[in-house]
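The values are calculated or read from the model by the stated rules, or taken from the named source; none is laboratory data. Just so we're clear, the structure is a prediction, and the values are computed from it rather than from any experiment. Backbone-built Cβ (ideal geometry, glycine too); neighbour counts: all protein chains shown. What goes into the accessible areas is simple: the full protein's heavy atoms, side chains included, and nothing from ligands, DNA or RNA. Shrake-Rupley method; radii C 1.70, N 1.55, O 1.52, S 1.80 Å.
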Amino acid sequence: MQSPWIRDAAKACCSGCCPNPFPGLPQSHSATSETPITAAEAFRYKFEVSTVATLYPNFNFTNHESLPSFEEAFSYFNKVYPQYSQTDEADKIRAHEYYHLSITNHVYLDYIGHGLFSYSQLENQCPGSPVTSSSLESPFFDVSYKSVSLKSQLLYCGEESEFQSSMRKRIMAFMNISEADYNFIFTANQSAAFKLVAESYPFQYSRNLVTVYDHQSEAVEVMIERSKNRGANAISASFSWPNLEIQTDKLRKRISKRKKKGLFVFPLQSRVTGSRYSYTWMSLARENGWHLLLDASALGAKDMDTLGLSLFS
């Protein structure tokens, strides 16, 4: 049950008298706003109102000195949300399997959807010499940074380290592709790779850019923007709603009837529906004089060996 002042604050917010009584709820998402509130924002708002009303229903904090201590606030929080104590299982897993993060004072930031290897996995890599606390004082992994222009590296084949050469050969062998047919460039992410293509492709001669994506992608937007700046005519494939199938007739006309060809950007599968697209689109584009950019970023690591680049050049 909400306390009276919470209910009054909510009413004031709905009346527009109070600009933003709950910082977690954006001002643009008040009751009088035409912008719809997403489910996540609605749940967050409900959580904040419930928490404030239940933790300290009869208090009015006027400054930072009136705020309770962390220990006191955390104790109240556990009483309001008793299930929160169950999350200590995650703390136990971190303490047991990933305590090397605490030893080395590291924080792991996951931004590509891959899991971090555990301490036991790290120890199994060196079966003859067990990993000890002293050996973990130095970072157990590092980032290889190379301050060079990717475009110049692609065009003029810049020097690579022994580690990069070893990784490149291992990946190409895993994907069953030959160094005689392919060049291999390491980039930070998909956006960097697409930006490199947009800045390297000769749009002054082949001005068209056709992309086949059923969702918004930051990497694709970066490529389109850079391509337009270099004079490209960017075109996107159309999709039918709600099944998000490619409108084949329109795409086939765009590929086959344009006099000046260009770059055809084709993903192997949809990130929205998960459906795989047919390789015949690449065959059709090549038969009509287009260059191909095959986007395989939606595939998992276990699927890369089935990509078939050795069969489809």
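For segment 200-216, name all the residues that are open to solvent by 20 Å² or more (accessible area, probe 1.4 Å) and either β-branched (Val, Ile, Thr) or part of a loop (DSSP other than H, G, I, E, B) (or both).
Hits for segment 200-216 are TYR201, PRO202, GLN204, TYR205, SER206, ARG207, TYR213, ASP214, HIS215, GLN216.
Among the residues of segment 217-241, count how many are open to solvent by 60 Å² or more (accessible area, probe 1.4 Å) and within 16 Å of ARG271 (Cβ to Cβ).
Final tally of qualifying residues: 3.
For segment 173-190, enumerate the residues that are in a helix (DSSP H, G or I) and open to solvent by 70 Å² or more (accessible area, probe 1.4 Å).
Selection gives ALA173, PHE174.
Restricting attention to segment 256-280, and to residues there that are modelled with pLDDT under 90 and of a type in the set (A, V, I, L, M, F, W, C), which single residue is most open to solvent (accessible area, probe 1.4 Å)?
Among those that are modelled with pLDDT under 90 and of a type in the set (A, V, I, L, M, F, W, C), it is VAL272.
Here is a list of conditions, (1) touching a residue at least 24 places away in the same chain (Cβ under 8 Å); (2) closer than 29 Å to SER275 by Cβ, and SER178 meets all of them except one; can you say which number that is?
(2)
Is it true that some residue in segment 164-172 is open to solvent by 30 Å² or more (accessible area, probe 1.4 Å) and touching a residue at least 40 places away in the same chain (Cβ under 8 Å)?
no
Every residue, every condition in (1) touching a helix residue (DSSP H, G or I) at 6+ places or on another chain (Cβ under 9 Å); (2) part of a strand (DSSP E or B); (3) not assigned by the TED database to the domain that holds HIS215, yes or no:
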site: SER227; (1), (2), (3): yes, no, no
site: ASN243; (1), (2), (3): no, no, no
site: LYS253; (1), (2), (3): no, no, no
site: PHE264; (1), (2), (3): yes, yes, no
site: ARG271; (1), (2), (3): no, no, no
site: SER283; (1), (2), (3): no, no, no
site: ARG286; (1), (2), (3): no, no, no
